[in-house]
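Here's the structure, in structure tokens; my notes come after.
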Amino acid sequence: MAAAEPHLFVVFGATGDLTRRKLLPALARVTTENDVGANLSMLGVSRSEIGDGDFRRWARKALDDAGADLTDWSDDRVFYHASPEGTSDLGGLRDRIEGIERDLGLPGNRILYLALPPRVFPGVIAQLGEAGLATGPGWTRLVVEKPFGRDLQSANELNALVHAHFDESQVYRIDHYLGKETVQNLLAFRFANLLFESAWGRDRVESVEITVAEDLGTEGRAGYYDSAGVIRDMVQNHLSQLLSLIGMEAPHSFDDDAIRTEKVQLLRSVGTIAAGDVVLGQYTAGTIAGEDVPGYRDDPEVAAGSTAATFVAMRLAVNNWRWEGVPFYLRTGKRLPRKTTQIAVTFRRPPVCLFHGVQDDCEAHQNVLILILQPDEGFELRFDVKAPGDPLRLQEQPLHFGYDEAYHSLPDAYETLLLDVMEGDQTLFVRADEVEASWSLHTPVLDLDLPVLEYPAGTWGPDGVDRLLGKARPWILREG
């Protein structure tokens, strides 16, 4: 992997919440922990009429709040450009970028990070191209936050606009889920351990359950969320990424394009999702961890009578040789009993029971591999053992691995992804055809006329989930 070369990191939306909470602390850690140091300079772009000094003070305050330290770097390598008319003054921005590069002796390498609301992406991307900022003396890389489009048509249009000005090799569509160490470990876990890869398919696996549960509500995002809903906010991106990583075929090499090609192939193998394969829900007032919480419609930013879904469960079929006949269950929602992200791979029962006449309940427990992505990263493998004493009795026990026990701390997702952008590694970023494959799968679901069932906050979703899952149940429920 190439080292981070000297460059200017240009952030559009520099005084926004994403920059304050995520980008600045991640840049601080990248600078101090990854030997990037003087190779990184930053230019913030926003509408606020402030100067370099005010922005540096604001940045220091954001870093103090996050417990990060970047004082020395921010004194002489952080700059600000005010763009009062949104982002229309990109000719002036180009002059400012070139002036900073001259003063610092930079080679003209640039990262353009759009930490902006999605609705302004098209205008900003077009203006970057028109101002000649899509290319430069060195390399230029464009980072676009999710969501990338609202449906298949808008994603196609946005891809076409991006490609009118930037080559795909320059584009980094960021999904912070892919920066989590435990998500990346899915590839290592599968393809470095023959024990599991040899059992990874229809002959041995009965079902796969992917759960992303949130105990919080919309937390200040109700205005956006009410127009987006849970499928756009979580399923099209985060859950689809986990689905593709857990189900993809082995790439021919550990190369960014090889890995992303296999992810696209998996998404294209998923069959049409029918109305009977989807349950939608919206939370009402309830209790979580002993605290009473309001319902979704109680938020003043939510439209009266809103039918936006805050919960979804889906059953998917992957129509390829490896997974034919194995159901994949996707489940995510807000105001669920606790926060967790996990993948449960349930293996088939033994073909013959050997314990007739020895144990009243002859059936052994099914082996289950649970990959836990948050909050306690690691995995558990559940299997049967003989409990001590007579008579013979089978008892389920876990084999456990925890990342914090082995490695003590994990890098932040944004730290990992920003370093990859600086080094030119696109493995953990979403390619254009992957975006379109995901939207091709989920846009028809958005068009279905489905009821949105109520569920009290603090429960695991509406009643219809049980009918959808059949005998499969979320392991978060069975764990109690």
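The values are calculated or read from the model by the stated rules, or taken from the named source; none is laboratory data. What you see is a predicted model; the values in this text were computed from it and never measured. As a convention, Cβ positions derive from the backbone with ideal geometry for all residues, glycine included, and neighbour counts pool all protein chains shown.
Residues in the range 406-427: is at least one among the β-branched types (Val, Ile, Thr), touching a residue at least 24 places away in the same chain (Cβ under 8 Å), farther than 27 Å from Asn34 by Cα and surrounded by 15 or more Cβ atoms within 10 Å (Cβ to Cβ)? Show your work before the answer.
So in the range 406-427, the residues among the β-branched types (Val, Ile, Thr) come out as 416, 421, 427.
Those still in the list that are touching a residue at least 24 places away in the same chain (Cβ under 8 Å) too: 416, 421, 427.
Cutting the leftovers down to farther than 27 Å from Asn34 by Cα gives us none.
Checked the range 406-427: no residue is among the β-branched types (Val, Ile, Thr), touching a residue at least 24 places away in the same chain (Cβ under 8 Å), farther than 27 Å from Asn34 by Cα and surrounded by 15 or more Cβ atoms within 10 Å (Cβ to Cβ).
Counting only residues that are outside any loop (DSSP other than H, G, I, E, B) and in contact (Cβ under 8 Å) with a residue 12 or more places away in the chain, how many does the range 51-64 have? Reasoning before the result, please.
To start, the set of residues in the range 51-64 that are outside any loop (DSSP other than H, G, I, E, B) comprises 52-64.
If we keep only those that are in contact (Cβ under 8 Å) with a residue 12 or more places away in the chain as well, we get 52, 54-56, 58-60, 62-63.
Number satisfying all stated conditions: 9.
Among the residues of the range 238-249, which ones are of a type outside the set (Asp, Glu) and either assigned to a helix (DSSP H, G or I) or touching a residue at least 60 places away in the same chain (Cβ under 8 Å) (or both)? Show your work before the answer.
The first filter runs over the range 238-249 and keeps only residues of a type outside the set (Asp, Glu), leaving 238-248.
Selection gives His238, Leu239, Ser240, Gln241, Leu242, Leu243, Ser244, Leu245, Ile246, Gly247.
Condition check: among the hydroxyl-bearing types (Ser, Thr, Tyr) and either modelled with pLDDT of 80 or more or assigned to a loop (DSSP other than H, G, I, E, B) (or both). Does Ser48 satisfy that? Outline the logic, then answer.
Working: among the hydroxyl-bearing types (Ser, Thr, Tyr): yes; either modelled with pLDDT of 80 or more or assigned to a loop (DSSP other than H, G, I, E, B) (or both): yes.
Considered against the rule, which asks whether it is among the hydroxyl-bearing types (Ser, Thr, Tyr) and either modelled with pLDDT of 80 or more or assigned to a loop (DSSP other than H, G, I, E, B) (or both), Ser48 comes out as yes.
Consider only pairs whose beta carbons are under 7 Å apart and that are at least six residues apart or on different chains; among these, list those whose first residue lies in the range 209-236 and is touching a residue at least 24 places away in the same chain (Cβ under 8 Å) and whose second residue is polar (S, T, N, Q) and in a loop (DSSP other than H, G, I, E, B).
Partner pairs satisfying both residue conditions: Tyr225/Thr218; Asp226/Ser306; Val230/Thr310.
Condition test on Glu209, is it surrounded by 19 or more Cβ atoms within 10 Å (Cβ to Cβ), assigned by TED's automatic domain parsing to the domain that holds Asn319 and not aromatic (Phe, Trp, Tyr)?
Details: surrounded by 19 or more Cβ atoms within 10 Å (Cβ to Cβ): yes; assigned by TED's automatic domain parsing to the domain that holds Asn319: yes; not aromatic (Phe, Trp, Tyr): yes.
Yes, satisfied.
Mind listing whichever residues of the range 34-57 are crowded, with 20+ Cβ neighbours inside 10 Å and farther than 14 Å from Arg77 by Cα?
Val45, Ser46
With (1) in contact with an Asp or Glu (Cβ under 9 Å, 6 or more places away or on another chain); (2) on the phi < 0 side of the Ramachandran plot as the list, and Gly220 as the residue in question, which single condition is left unmet?
Unmet condition: (2).
If you scan the range 43-55, which residues turn out to be farther than 17 Å from Asp17 by Cβ and within 30 Å of the chain's Cα centre (by Cα)?
The one that is farther than 17 Å from Asp17 by Cβ and within 30 Å of the chain's Cα centre (by Cα): Leu43.
Would the range 252-271 turn up any residue that is of a type in the set (Gly, Ala, Ser), modelled with pLDDT of 95 or more and in the same structural domain as Ser198 (by TED's automatic domain parsing)? Full working, then the answer.
Let us first name the residues in the range 252-271 that are of a type in the set (Gly, Ala, Ser), namely 253, 258, 269, 271.
Within this subset, residues satisfying the condition of being modelled with pLDDT of 95 or more are 269, 271.
Imposing the further condition that a residue be in the same structural domain as Ser198 (by TED's automatic domain parsing) reduces the set to 269, 271.
Yes, the range 252-271 contains a residue that is of a type in the set (Gly, Ala, Ser), modelled with pLDDT of 95 or more and in the same structural domain as Ser198 (by TED's automatic domain parsing).
Being farther than 17 Å from Asp175 by Cα and in a strand (DSSP E or B) is the filter here; which residues of the range 211-236 pass it?
Thr211, Ala213
Could you list all residues from the range 219-242 that are under 17 Å from the mean Cα position of the chain (by Cα) and either among the polar types (S, T, N, Q) or not assigned by TED's automatic domain parsing to the domain that holds Gln282 (or both)?
Gln236, Asn237, Ser240, Gln241
Out of all the residues in the range 131-144, is one or more modelled with pLDDT under 95, loosely packed, with under 15 Cβ neighbours inside 10 Å and closer than 24 Å to Arg47 by Cα?
Taking every residue of the range 131-144 in turn, at least one turns out to be modelled with pLDDT under 95, loosely packed, with under 15 Cβ neighbours inside 10 Å and closer than 24 Å to Arg47 by Cα.
Having 3 or more residues that are modelled with pLDDT of 80 or more, of a type outside the set (Phe, Trp, Tyr) and in contact with a helix residue (DSSP H, G or I) (Cβ under 7 Å, 6 or more places away or on another chain) is the bar; report the strands (runs of 3 or more DSSP E) wholly within the range 356-425 that clear it.
On the way: elements: 368-374, 378-386, 394-402.
Strands (runs of 3 or more DSSP E) meeting the threshold: 368-374.
Restricting to the range 273-300, name every residue that is closer than 20 Å to Gly229 by Cβ and either outside the structural domain of Ser438 (by TED's automatic domain parsing) or of a type in the set (S, T, N, Q) (or both).
Gln282, Thr284
Quick check on this structure: which one of Arg119, Arg102 is assigned to a helix (DSSP H, G or I), more than 30 Å from Ile231 (Cβ to Cβ) and without any contact (Cβ under 8 Å) to a residue 24 or more places away in the chain? Steps first, please.
Values: Arg119 fails: more than 30 Å from Ile231 (Cβ to Cβ).
From the options Arg119, Arg102, the qualifying one is Arg102.
May I ask you to verify whether Gly108 is in a loop (DSSP other than H, G, I, E, B) and surrounded by fewer than 19 Cβ atoms within 10 Å (Cβ to Cβ)? Reasoning before the result, please.
Working: in a loop (DSSP other than H, G, I, E, B): yes; surrounded by fewer than 19 Cβ atoms within 10 Å (Cβ to Cβ): yes.
Answer is yes for this residue.
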